[in-house]
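Written below as structure tokens is the structure these notes are about.
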Amino acid sequence: MDSQPSCVVVTGFGPFRQHLVNSSWEAVKELSKLGLGNETVVQLRTLELPVDYREAKRRVTGIWEDHQPQLVVHVGMDTAAKAIILEQSGKNQGYRDADIRGFWPEGGVCLPGSPDVLESGVCMKAVCKRVAVEGVDVIFSRDAGRYVCDYTYYLSLHHGKGCAALIHVPPLWRGLPASLLGRALKVVIQEMLEEVGKPKHKAQ
């Protein structure tokens, strides 16, 4: 038996537009200090991604090829959010907003010829029901926004056959520091790992 701990990769994003501090990466840095609390079973790796379609695509492909993770969790910032949002699905089309280099995918498509929607193997609604984080609500969504976060998520769902998640966090403010978001990520990802580990009812 291979006794190596399985790997969970958690990514955050760098600056974009007028947002010089991206709360997603600040939260992931806090998570990396905390760990997931089960390091003998699960090895946590963290990585910052640029808000750049082409570079994100290259790095996501590398994550799946190099680490063969049990789960990849992408964390992005939703500038309008007041809660932590667990995204159920990634979309293949509609990417018309330019990234930090002024680029967007040809035809607004992530992977030509692939399904319009890919669903996570994690039931986000179930995770939402079971987690409680003091100081911030946790909700779920089926529309991740058609920007680099959503694009990255779709790629990970494709490479990982559904073993991926996207969490949107609000911007930082005095009442919502990075330390609180880091603790929230720990609780949510622990619950996601429980969900991933559950036997599926449908035949494989």
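The values are calculated or read from the model by the stated rules, or taken from the named source; none is laboratory data. As the structure is a prediction and not an experimental result, all values here were calculated from the model. Every residue, glycine among them, receives a Cβ derived from its backbone with ideal geometry; neighbour counts consider all protein chains shown. Just so you know, the surface numbers come from the protein's heavy atoms only, side chains and all, with ligands and any DNA or RNA stripped out. Shrake-Rupley method; radii C 1.70, N 1.55, O 1.52, S 1.80 Å.
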Every residue from the range 163-182 that is open to solvent by 10 Å² or more (accessible area, probe 1.4 Å) and either farther than 24 Å from ARG101 by Cα or β-branched (Val, Ile, Thr) (or both)
CYS163, LEU172, TRP173, ARG174, GLY175, PRO177, ALA178, SER179, LEU180
Take GLU55 and decide whether it is open to solvent by less than 50 Å² (accessible area, probe 1.4 Å), in a helix (DSSP H, G or I), among the charged types (D, E, K, R) and over 29 Å from GLU106 (Cβ atoms).
no
For the range 1-25, pairs from a residue that is within 18 Å of LEU71 (Cα to Cα) and at pLDDT below 85 to a residue that is among the β-branched types (Val, Ile, Thr) and loosely packed, with under 14 Cβ neighbours inside 10 Å, with Cβ under 8 Å and 6 or more apart or across chains, are PRO5/THR40; PRO5/VAL41
Residue under question is THR61, and the condition is that it be assigned to a helix (DSSP H, G or I), within 26 Å of ARG17 (Cα to Cα) and of a type in the set (Ser, Thr, Tyr); does it hold?
yes
Cβ contacts < 9 Å: first residue more than 21 Å from SER6 (Cβ to Cβ) and part of a helix (DSSP H, G or I), restricted to the range 169-193; second residue open to solvent by 10 Å² or more (accessible area, probe 1.4 Å) and among the polar types (S, T, N, Q), any location; separation 6+ or different chain. Result?
GLY182/SER32
I'm told LEU44 meets every condition in (1) touching a residue at least 40 places away in the same chain (Cβ under 8 Å); (2) of a type in the set (A, V, I, L, M, F, W, C); (3) surrounded by 15 or more Cβ atoms within 10 Å (Cβ to Cβ) except one. Can you identify the failing condition by its number?
(1)
Subset of the range 16-41 [part of a loop (DSSP other than H, G, I, E, B) and open to solvent by 50 Å² or more (accessible area, probe 1.4 Å)]
ARG17, GLN18, LEU20, VAL21, GLY37, GLU39, THR40, VAL41
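In the range 101-123, what count of residues is obtained for those that are touching an Asp or Glu at 6+ places or on another chain (Cβ under 7 Å) and either within 20 Å of ILE167 (Cα to Cα) or open to solvent by less than 40 Å² (accessible area, probe 1.4 Å) (or both)? Step through it out loud before you land on a result.
Going residue by residue through the range 101-123, those that are touching an Asp or Glu at 6+ places or on another chain (Cβ under 7 Å) are 101, 104, 122-123.
Checking the rest, the ones that are also either within 20 Å of ILE167 (Cα to Cα) or open to solvent by less than 40 Å² (accessible area, probe 1.4 Å) (or both) come to 122-123.
Residues that pass the stated criteria total 2.
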Kindly evaluate GLY135 against the criterion of being out of contact with any Asp or Glu (no Cβ under 9 Å at 6 or more places or on another chain), in contact (Cβ under 8 Å) with a residue 24 or more places away in the chain, open to solvent by less than 80 Å² (accessible area, probe 1.4 Å) and not basic (Lys, Arg).
yes
Looking at the range 84-100, can you tell me whether even one residue there is surrounded by 15 or more Cβ atoms within 10 Å (Cβ to Cβ) and in a helix (DSSP H, G or I)?
no
